[in-house]
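To start, the structure under review is shown below, and the notes come after it.
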Amino acid sequence: MRVFLPSTLPALAEALRAGQVGSSAGSSADAATGADPGQQPGYAVTPALREAYASGDDEELEYAALTEAGRASLRMLAANPAAPPRRVVLAAEIPADQVKLDARAREPARVLVTAAIPIDTLASAHVDDTVAAQDVRAAADALDAADSGDEDARFAVDGAEGHELGWYATQELSYLAE
């Protein structure tokens, strides 16, 4: 199952040092993403997402899951203002028995990954270009207000979502984390 894992550049550097994304001890992102220790939040094509996008094909549904993971990365940036303002989403093929639906989630694509993902099994990484930094920082700062219904804050969040996440091969990850 293709799962999109939200991250930040500092969390990516931590994962590269550990050789894996997530761990049985939990990750530094647990508090920002609402995951229980030992579970990595992710986004995938779920039955709820298929229902929400009834006319979407698999490619559109995967893009919707990637977009939700990008929003989760913004939440991680909001929780860590010192992190470089670039959304990071890692894509991985994960066995279905290591992925479970997150019953608490409001997002239809949200899942929980119950095992660490070795770095060398990642399919790709999706990262904002540096030119998006100002919009990404403004979006991270505006998330809480946007969630509360502030239209100006929603506009700021949409400003970051207007930037496409660039694609990187896994062998390029160490360059990104530097």
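Grab the DSSP H runs of the chain that are 4 residues or longer, score each as -39,500 (n - 2.57), total them, divide by all residues and round the 222 nm result to the nearest 500 deg cm²/dmol.
The per-residue figure over the chain is -12000 deg cm²/dmol.
Give me the distance between the Cα centres of the range 156-174 and the range 86-131, rounded to whole Å.
Spelled out, the Cα-based centre of one part sits 14 Å from the other.
For the range 99-166, which GluC sites (Glu not before Pro) pass both filters: DSSP loop (anything but H, G, I, E, B) and at most 15 other C-beta atoms within 10 Å? Don't jump to the answer; show the numbers that get you there.
Numbers: sites: GLU151, GLU161, GLU164; in loops: GLU164.
Here the sparse-neighbourhood loop sites are GLU164.
Restricted to Cα positions, what overall size does the range 65-148 have along the principal axes? Three whole-Å values, descending.
38, 31, 19
Please report, for the Cα atoms of the range 109-178, the Rg to one decimal and the Dmax as a whole number; what are they, in angstrom?
15.2, 41
With helices defined as uninterrupted DSSP H runs, which ones in the chain have an alpha carbon span along their own long axis of at least 20 Å and mean Kyte-Doolittle hydropathy of at least -0.5?
Helices meeting the criterion: 58-79, 133-147.
Rg to Rh ratio, the chain, alpha-carbon atoms and Kirkwood radius? Before the final figure, lay out each step's value.
Values: Rg = 15.1 Å, Rh = 16.1 Å.
When Rh is taken as the Kirkwood radius, the ratio is 0.94.
Every read-out reported here was derived from the displayed coordinates using simple, explicitly stated rules and does not represent laboratory data. What you see is a predicted model, and the numbers here were worked out from it, not measured in a lab. Cβ coordinates were reconstructed from backbone atoms using ideal geometry, including for glycine residues, and neighbour counts include every protein chain displayed.
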